[in-house]
Amino acid sequence: MNLTGGIVLYAVLWFLVLFVLLPIGQKSQADVGQVTPGTPAGAPHEPRLKRKMWLATLIAAVIWALIAWIILGGVITRADIEGWTQ
């Protein structure tokens, strides 16, 4: 894995983790009973995006480190993967 591959892998993991975290613990404006005029009732009440972005950064870093260790350490090689498809 080269530098560009590592950066792309981290970016993909970060967005994947963020999209998994976004709906967790989310309450809509209708659930709370405070619908802001001009917004749909299903809009988030307090999305706490900054907290979720920091959490996504930490979780993605751990997952990235594990995958980088597997790739760079030779735990699973390209030859192993080619052997699985035959």
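Give Thr39, Thr57 a once-over and let me know the one that is free of Cβ contacts under 8 Å to residues at least 60 places away in the same chain, among the hydroxyl-bearing types (Ser, Thr, Tyr) and not in a helix (DSSP H, G or I).
Only one candidate passes the filter, namely Thr39.
Here is a check on your reading of the model: is Gly6 of a type in the set (Gly, Ala, Ser) and surrounded by 13 or more Cβ atoms within 10 Å (Cβ to Cβ)?
Yes.
Taking the stretch 18-36, which residues are touching a residue at least 12 places away in the same chain (Cβ under 8 Å), of a type outside the set (Val, Ile, Thr), out of contact with any Ser or Thr (no Cβ under 7 Å at 6 or more places or on another chain) and more than 30 Å from Val62 (Cβ to Cβ)?
If the condition is that a residue be touching a residue at least 12 places away in the same chain (Cβ under 8 Å), of a type outside the set (Val, Ile, Thr), out of contact with any Ser or Thr (no Cβ under 7 Å at 6 or more places or on another chain) and more than 30 Å from Val62 (Cβ to Cβ), then Ser28, Ala30, Asp31 are the ones that fit.
Quick one: Ile71 ticks every box in (1) surrounded by fewer than 10 Cβ atoms within 10 Å (Cβ to Cβ); (2) modelled with pLDDT under 95; (3) not in a loop (DSSP other than H, G, I, E, B) bar one, so which box is it?
For Ile71, the exception is condition (1).
Conditions first: (1) surrounded by 10 or more Cβ atoms within 10 Å (Cβ to Cβ); (2) within 17 Å of Leu9 (Cα to Cα); (3) of a type outside the set (D, E, K, R). Pro44 passes all but one, so which condition is the exception?
Failing condition for Pro44: (2).
Tally time: how many residues in the stretch 15-36 are in a helix (DSSP H, G or I) and among the charged types (D, E, K, R)?
Final tally of qualifying residues: 1.
The values are calculated or read from the model by the stated rules, or taken from the named source; none is laboratory data. Predicted model only: the values in this text are computed from it and were never measured. Cβ coordinates were reconstructed from backbone atoms using ideal geometry, including for glycine residues, and neighbour counts include every protein chain displayed.
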